[in-house]
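Accompanying notes for the structure given below.
The values are calculated or read from the model by the stated rules, or taken from the named source; none is laboratory data. Please read these numbers as outputs of a predicted model, since none were measured by experiment. Cβ: placed from backbone, ideal geometry, glycine included. Neighbour counts: every protein chain shown. Side chains included, ligands, DNA and RNA excluded: accessible areas come from the protein's heavy atoms. Shrake-Rupley method; radii C 1.70, N 1.55, O 1.52, S 1.80 Å.
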Amino acid sequence: MSEPMQIVNENELQAYADGRLDEKRRAEVAAWLANHPAEAGRVEDYRRQNEALHALFDPVLDEPVPPSLQRPAPASWHGMPLLRHAAVVAWLAIGGTLGWFMHGAQEVRSGTTMAFVRQAAVAHVVYTPEVLHPVEVGAEQEAHLAAWLSKRLGVSVKVPHLGKAGYDLVGGRLLPGSNGPAAQFMYQDGFGQRLTLYVRTDDGGSRETAFRYARENNIGVFYWIDGPLGYALSGDLDKPQLLKVAQAVYHQLNP
Amino acid sequence: MEKTDHLIEEHIPRLRRYARALAGDRARADDLVQDTLERAWGKFHLWRSDSDLRAWLFSIMHNVYVNGVRKSSSSPMLLPLEDDALDVPVRAAQEDGLQVRDVHAALGCLSQEQREILLLVGLEEMSYEEVAKVLNVPLGTVMSRLSRGRERLRQIMAGGAVPALRVVK
């Protein structure tokens, strides 16, 4: 028997390996390969590649599909943009009102300070009503909380204890600030009244430590700068009460 | 909507299989599937019911994958070599000389274009025309990439040792 006259091209060899030739052509290519052992070996290797792929990955077909992939999960995915949108609207509304108030009260000395106080107050309003997730790391992991936030802020961050002022630590979280990472500690008294202490790295423009005060509706904010960090204590308290707590924070940090 | 869910869900196991082979590890693969499904649910009204749903879904996954690769172009997706990083339970070892695990590692040495085509043809068993449609490239490109990819895989296997792979985050 002589070799088939038809020329077998590369695409046909691929199709042969994949079993995609019709019966007649398949037989012709097989006959041609019988006289071309090198090509035959190559095509056989391709066929085995396909087998190996199935051996490797077909077991995935039998794995149970994780619930997250079974249907669109409204809470985790489709709800997200809406939630995010709502949060941005809230942020702008609160920030706008607060900024306007503080501008009128002439309490604010510079744009960056104003931004600092606004961020602290907004973070207070956003997180204190939170029932399920008020903090990222709870008070029971206080050492970890301090170490984590110190690492992220790049300076040593201490967690003040305000038990003497009647407030227990709830925990803390990492927040975005205008200078990079910022931290928020949350405290709570026996009645569930919450205060937050917002901490961020100071941009170096100021070394003042005087207490400053701003107020927006029911949220009072005492703020001060102490070394490398700026602090803002926010709460729904009147000024003298909040000042007492702010002084307690200051003394805790400067024993 | 329920009909939509059902239609797409039928394809999830195959999308996962392909993603696992493409992305290498389970976590990244399921992220890829999830992103693909998100897009598919959201764009289902754009799918023409007379066209092939599987091709449509794989084509979405291709785009999600390519965009992801482009975004992290400084960290190419290579397959990890460590045994315990292989998230795929290997079926009974083949006796015919081709080391299945080596194929897994060698896949990572192919270009992304070659890998996709090898998998769509060899694993997903799509026709060459379907592959061209899914990847939105001419049929001739599919054939030449398939041929080059298979030959490269073969040479890597024949060389015994797979070129050193790094685990890239």
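Per residue of B:110-119, how many C-beta atoms from partner chains lie within 10 Å of its own C-beta, taken as a mean? Intermediate results must be reported in sequence, preceding the final value.
Numbers: counts 0, 0, 0, 0, 0, 0, 0, 0, 4, 2.
Partner-chain Cβ atoms within 10 Å, mean over residues of B:110-119: 1.
Mind checking the mean number of beta-carbon atoms from other chains within 10 Å of the Cβ atoms in B:145-157? Don't jump to the answer; show the numbers that get you there.
Working: counts 0, 7, 5, 0, 1, 9, 4, 0, 5, 6, 1, 0, 4.
Mean partner-chain Cβ count within 10 Å for B:145-157: 3.
Sort the range A:32-73 into rounded, prolate or oblate with this rule: let a ≥ b ≥ c be the square roots of the eigenvalues of the Cα gyration tensor; rounded if a/c is under 1.5, and if a/c is not under 1.5, prolate when a/b is larger than b/c, oblate otherwise. Each step should come with its number before you reach the end.
Details: a/c = 7.26, a/b = 4.62, b/c = 1.57.
Taking the square roots of the gyration eigenvalues as a ≥ b ≥ c, the range A:32-73 is prolate.
Could you order B:125, A:10, A:140 so the one with the most accessible surface comes first? Probe is 1.4 Å.
On the way: B:125 105, A:10 60, A:140 150 Å².
Reading off the accessible areas and sorting them downward yields A:140, B:125, A:10.
Ignoring ligands, DNA and RNA, how do A:148, A:224 rank by accessible area with a 1.4 Å probe, largest first? Display every interim value, and only then the final one.
Working: A:148 60, A:224 5 Å².
Putting A:148, A:224 in descending order of accessible area: A:148, A:224.
For a quick check of understanding: with a 1.4 angstrom probe and all protein chains in place, what accessible area in square angstrom does residue A:127 have, to the nearest ten?
The accessible area of residue A:127 comes to roughly 60 Å².
Residues of the range A:10-61: accessible area per residue at 1.4 Å, in Å²? Kindly include the intermediate steps, with their values, before the conclusion.
Values: 2290 Å² over 52 residues.
So the range A:10-61 comes to 44 Å² accessible per residue, rounded to a whole number.
Please list 3J(HN,Hα) in residue order for the range A:41-52, calculated via the Karplus relation 6.51 cos²θ - 1.76 cosθ + 1.60 where θ = phi - 60°; whole Hz, with x for glycine and proline.
Once θ is set to phi - 60°, the couplings for the range A:41-52 become x, 4, 5, 5, 4, 5, 4, 5, 4, 4, 4, 5 Hz.
Quick one: buried accessible area between B and A, total over both chains, 1.4 angstrom probe, nearest 100 Å²?
Numbers: alone 9930 and 15520 Å², together 21620 Å².
That pair of chains buries around 3800 Å² in total.
Which percent of the accessible area of the range A:10-61 is formed by carbon and sulfur heavy atoms (probe 1.4 angstrom)? Can you show the working numbers first?
Values: 1160 of 2290 Å².
In the range A:10-61, the share of accessible area belonging to carbon and sulfur is 51 percent.
Using a 1.4 Å probe on the protein heavy atoms only, what accessible surface does residue B:157 show? Give it in Å² to the nearest 10.
Here the residue's solvent-accessible area equals roughly 40 Å².
Taking the Cα centre of the range A:111-255 as the origin, how large is its charge dipole in debye, to the nearest 20, when only Lys and Arg (+1) and Asp and Glu (-1) carry charge on their Cβ atoms? The partial results should precede the final answer.
Values: 13 positive and 13 negative charges, 51 e Å.
In debye, rounded to 20, the range A:111-255 gives about 240.
Report residue A:144's accessible area, 1.4 Å probe, all protein chains in place, as a number in Å² to the nearest 10.
Around 100 Å² of this residue is reachable by solvent.
Starting at the first residue of the range B:142-148, write each ³J(HN,Hα) from the Karplus equation 6.51 cos²θ - 1.76 cosθ + 1.60 with θ = phi - 60°, in whole Hz, x for Gly and Pro.
4, 5, 6, 5, 4, 5, 5
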